[in-house]
Amino acid sequence: MKINVTALALTAGLFWGASILVVGSASLIWPGYGRAFLGLAASLYPGYHPGPAFGSVVTGTLYALVDGAIAGAVFGWLYNLLSRRA
């Protein structure tokens, strides 16, 4: 069985981007919410600093969309490669 790499990349990108968007937005409403999670994201994405501005949420979301899409594409490609050999 082959995985559609494009569909997996889009799904992973949207899922990871939505995760950062939801937690970042919740942190704007309830300061301190998801602080460790957003701190982890800040350590991964250069230029992203979680803060009290909506611009930081947008920046983190865009980073996460791209990061998730790349990770999904690599995972799908690797799965297809290894499943042919098995």
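None of the figures in this text is laboratory data; all of them are computed from the coordinates on show. These figures come from a predicted structure and were not determined experimentally.
Between Ser27, Ser56, Ser43, the residue with the greatest mean-square fluctuation in the GNM of the chain (Cα pairs under 10 Å linked by springs) is Ser43.
Once the Cα atoms are used to define both axes, helix 35-44 deviates from the longest principal axis of the chain by about 60 degrees.
Between the helical axis of 5-29 and the longest alpha-carbon principal axis of the chain there is an angle of about 10 degrees.
Relative to the longest principal axis of the Cα atoms of the chain, the long axis of helix 54-85 lies at roughly 20 degrees.
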